[in-house]
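Comments concern the structure below.
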Amino acid sequence: MNIVQCQFCKRPFTSIGGRICPACMEQIDKDFITVRDYIDEHKHSNIDIIAKETEVSKQKILHLLKEGRLIIDSPDGGGGGYLFCEMCKKSISTGRLCKDCSGKVASSMDKSVTSHKPTQAGNAGPSIKGSAKIGGN
Ligand SMILES: [Zn+2]
Ligand SMILES: [Zn+2]
């Protein structure tokens with residue numbers, strides 16, 4: 001566990017890996033719905049207008065775009081000049097990489113990362129409860 005500064009509200013919090021505090025996470029989930037609904041109704045919008053109309057900060061909208069949760073379908077086919085591929089710097093509408101680069105990354109990942117560690121049971125899903133004691137806490 002680390003104490004890190006939240007990238008949005010700048011408050012320190014105990015992180016289990018992310019850089020966003022639980023309060024901001026919750027707010028972002030709400031903002032996400034607001035922005036998504038707005039984009040639904042106003043296709044071909046851009047971040048400036050969306051931020052103004054929804055009162056959600058550009059920083060949060062960009063965050064949602066980078067996570068791939070939002071897609072801004074702007075006329076230039078990109079993220080309105082706000083979001084760029086992290087590899088070739090091409091304008092993109094969602095995520096961190098353009099299609100070309102994500103294809104390249106995926107194929108190079110295939111070679112190095114072939115085995116996936118099983119995710120830790122405990123949250124959702126049909127995990128075995130109670131009986132098996134693996135590792136313990
Ligand atoms: Zn925060
Ligand atoms: Zn690219």
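Every read-out reported here was derived from the displayed coordinates using simple, explicitly stated rules and does not represent laboratory data. From a predicted model like this one, the values you see are computed outputs, not experimental measurements. Don't worry about glycine lacking a Cβ; one is built from the backbone with ideal geometry, like all the others, and counts go over all protein chains shown.
Taking amide H as placed 1.01 Å from N in the peptide plane, the amide H of Ser15 sits under 5 Å from that of Asn2, Ile3, Val4, each at least 5 places away or on another chain. Straight-line reach from Lys111: which lysines have a Cα under 28 Å away, not including same-chain ones fewer than 8 places off? Of all the lysines, those that pass the test against Lys111 - Cα under 28 Å, at least 8 places apart if same chain - are Lys66, Lys89, Lys90, Lys99. Using a simple spin-label model with pseudo-atoms 7 Å out from Cα toward Cβ, Asp110 and Asp29 lie 3.6 nm apart. Net charge in the neighbourhood of Arg19 (other residues with Cβ under 14 Å of its Cβ; Lys, Arg +1, Asp, Glu -1) is +3.
The slack in the chain from Ser15 to Ile49, taken as 0.36 nm per residue of separation less the alpha-carbon distance, amounts to 9.0 nm. Take the Cα pairs of region 24-107, get the Kirkwood Rh, then feed it into Stokes-Einstein at 4 °C and 1.567 mPa s and tell me D in µm²/s. Stokes-Einstein gives a translational diffusion coefficient of 101 µm²/s. Give, as a single signed number, the net charge of other residues whose beta carbon lies under 11 Å from the beta carbon of Phe84, with Lys and Arg counted +1 and Asp and Glu -1. Counting the neighbours of Phe84, the net charge comes to +3. Computed about the Cα centre, the dipole magnitude for region 24-107 is approximately 440 debye when only Lys and Arg (+1) and Asp and Glu (-1) carry charge, each at its Cβ.
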